[in-house]
Amino acid sequence: MKPDEPVDINFRILDGAGGAELLPAGAKADDIRQAPEWEVRERWMLGAVTLRVGTLLVEVEQMPLLDFGLSLEFALRDLALHGRSDLSFSDRSLLIRFTRDADLVDVTHWQSTASREWRVTATGAASYVQLAAAAARFLRAALDLCTQAYPDLLLNNEIERLYRHAAVRELGEAQFIRHTEMVRRRLQQPPSDPPSPPPTTTS
């Protein structure tokens, strides 16, 4: 393995996504504020993601950027503990496997075939530090660009939390001001009603 191979994780917001791909059509401020974490993570902020590790190149369209970034960070934490982990998206027939030997990591891209078997399509290698740094940059950049295009995203608790911890301290004055303005808006809004409990059944 070569620890000095380049690592790059990029994305682009899909064409025409002035909000169309960042949020569900017709979403209003209350919808954004009250949306559950799973919906925010799996259905919002769609983009095209490119992962490059040395000679390995993986390109995915229509990927929820938060889901990709958070799943990648979790996979790398798991890798640090156990020496092997998977970044898997079954709905896209995508599997990226990480195998660590000390600080060096083999990265393998698997893809399912028409016969539902998995085959290796590309491999690459990098240091763990490179991968972790690239994953952190990806999440910060995705949060910054998407909230810049659609600041109301910061009305949502989950996005605001991620932005505060992953982005604000790293990005600069403009991002800090954006966050502060949205926090002020959140404080001025009346609290939303708690969700109704599920109906109880009696036997």
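The values are calculated or read from the model by the stated rules, or taken from the named source; none is laboratory data. Nothing here was measured: the structure is a model prediction, and the numbers come from that model. Heads up, the Cβs are rebuilt from the backbone with ideal geometry, glycines too, and the neighbour counts pull from every protein chain shown.
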Subset of segment 11-26 that is in a strand (DSSP E or B) and crowded, with 16+ Cβ neighbours inside 10 Å - its residue that is modelled with the highest pLDDT:
11
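Can you pull out the residues in segment 186-203 that are more than 15 Å from residue 31 (Cα to Cα) and at pLDDT 55 or above? Step through it out loud before you land on a result.
Initial filter on segment 186-203 (more than 15 Å from residue 31 (Cα to Cα)): 187-188, 196-203.
Residues satisfying the conditions are 187, 188.
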For segment 65-74, give me each residue that is surrounded by 20 or more Cβ atoms within 10 Å (Cβ to Cβ) and either of a type outside the set (Phe, Trp, Tyr) or more than 12 Å from the chain's Cα centre (by Cα) (or both).
65, 66, 69, 72
Take residue 57 and tell me if it is out of contact with any Leu (no Cβ under 6 Å at 6 or more places or on another chain), within 18 Å of residue 143 (Cα to Cα), among the aliphatic types (A, V, I, L, M) and in contact (Cβ under 8 Å) with a residue 60 or more places away in the chain.
no
Every residue in segment 50-69 that is among the aliphatic types (A, V, I, L, M) and in a strand (DSSP E or B), please.
51, 53, 56, 57, 58, 60, 63
Check segment 107-121 and report whether any residue there is buried (at least 17 other Cβ atoms within 10 Å of the Cβ) and outside any strand (DSSP E or B).
no
Residues of segment 86-106 being among the hydroxyl-bearing types (Ser, Thr, Tyr), more than 15 Å from residue 127 (Cα to Cα) and surrounded by 14 or more Cβ atoms within 10 Å (Cβ to Cβ), in sequence order, are 88
Yes or no: residue 72 outside any strand (DSSP E or B), within 30 Å of residue 174 (Cβ to Cβ) and in contact (Cβ under 8 Å) with a residue 60 or more places away in the chain?
yes
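To keep it simple, each residue is scored yes or no on (1) in a strand (DSSP E or B); (2) modelled with pLDDT of 85 or more; (3) over 13 Å from residue 33 (Cα atoms).
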position: 125; (1), (2), (3): yes, yes, yes
position: 132; (1), (2), (3): no, yes, yes
position: 135; (1), (2), (3): no, yes, yes
position: 138; (1), (2), (3): no, yes, yes
position: 153; (1), (2), (3): no, yes, no
position: 160; (1), (2), (3): no, yes, no
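Looking at segment 125-140, is at least one residue touching an Asp or Glu at 6+ places or on another chain (Cβ under 6 Å) and free of Cβ contacts under 8 Å to residues at least 40 places away in the same chain?
Step one: list which residues in segment 125-140 are touching an Asp or Glu at 6+ places or on another chain (Cβ under 6 Å), which gives 125-128, 135, 140.
Then keep just the ones that are free of Cβ contacts under 8 Å to residues at least 40 places away in the same chain; that gives 140.
Looking for residues that are touching an Asp or Glu at 6+ places or on another chain (Cβ under 6 Å) and free of Cβ contacts under 8 Å to residues at least 40 places away in the same chain, one finds at least one in segment 125-140, hence yes.
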